[in-house]
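Scroll down for the structure; my scribbles are underneath it.
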Amino acid sequence: MVADKSDNESFPQPVLKITTEYRSGYYEQEVITSNKGERHEKLVRHPKNPAKVVIGSIGNITYDVYPYDFPDKVFIHASGEKHFIDKYDSAKMISINNKIKWFLNGGLESALSGKSKSSLAREIRLAYEYKKIQVIGV
């Protein structure tokens with residue numbers, strides 16, 4: 001009868017190393033085509049700012065907050081040249097508007113106290129704590 005190879009010490013077991021890499025943020029891809037038709041792609045990655053929380057986005061318009069630095073402001077970022085909202089984005093706009101009203105009417109305090117358990121409140125709390133550690137060093 002043959003013994004199990006894992007029990008025999010003459011067969012060394014490989015050391016398994018599992019690594020996990022998390023990437024967050026966004027990227028910009030530039031496609032360059034030469035006059036001969038050769039195509040080259042350049043990918044530039046931009047890391048996510050941990051102190052920023054994105055409330056929502058419609059097309060190329062993004063609504064975000066910085067809970068530690070600006071607890072009473074909501075920022076609107078738009079990229080590109082043309083900006084519009086069509087009839088299919090009206091439900092998103094109402095949802096984003098409700099989140100903005102929640103944040104400006106005490107949402108930061110309820111997120112920090114733990115009264116609100118939503119995913120947005122969790123993101124706001126994590127962004128606030130990240131920036132607090134950066135500023136205070138606690």
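The values are calculated or read from the model by the stated rules, or taken from the named source; none is laboratory data. This is a predicted model, so every value here is computed, not measured. Neighbour counts are summed over all protein chains in view; Cβ atoms, including those assigned to glycine, are modelled from backbone coordinates with ideal geometry.
For residues in segment 50-69 being within 16 Å of residue 102 (Cβ to Cβ) and without any contact (Cβ under 8 Å) to a residue 40 or more places away in the chain, which is surrounded by the fewest Cβ atoms within 10 Å (Cβ to Cβ)?
Only one residue fits best here, namely 54.
For the subset of segment 1-59 comprising residues that are among the polar types (S, T, N, Q), under 28 Å from residue 121 (Cβ atoms) and in a loop (DSSP other than H, G, I, E, B), which member is modelled with the lowest pLDDT?
The first filter runs over segment 1-59 and keeps only residues among the polar types (S, T, N, Q), leaving 6, 8, 10, 13, 19-20, 24, 29, 33-35, 49, 57.
Going one step further and asking which of them are under 28 Å from residue 121 (Cβ atoms), we end up with 20, 24, 49, 57.
Checking the rest, the ones that are also in a loop (DSSP other than H, G, I, E, B) come to 20, 24, 49.
On the way: 20: 68, 24: 62, 49: 83.
Across segment 1-59, the extreme among qualifying residues is 24.
Might you let me know whether segment 88-104 holds any residue that is aromatic (Phe, Trp, Tyr), assigned to a helix (DSSP H, G or I), modelled with pLDDT under 90 and over 18 Å from residue 51 (Cα atoms)?
Yes, the conditions are met somewhere in segment 88-104.
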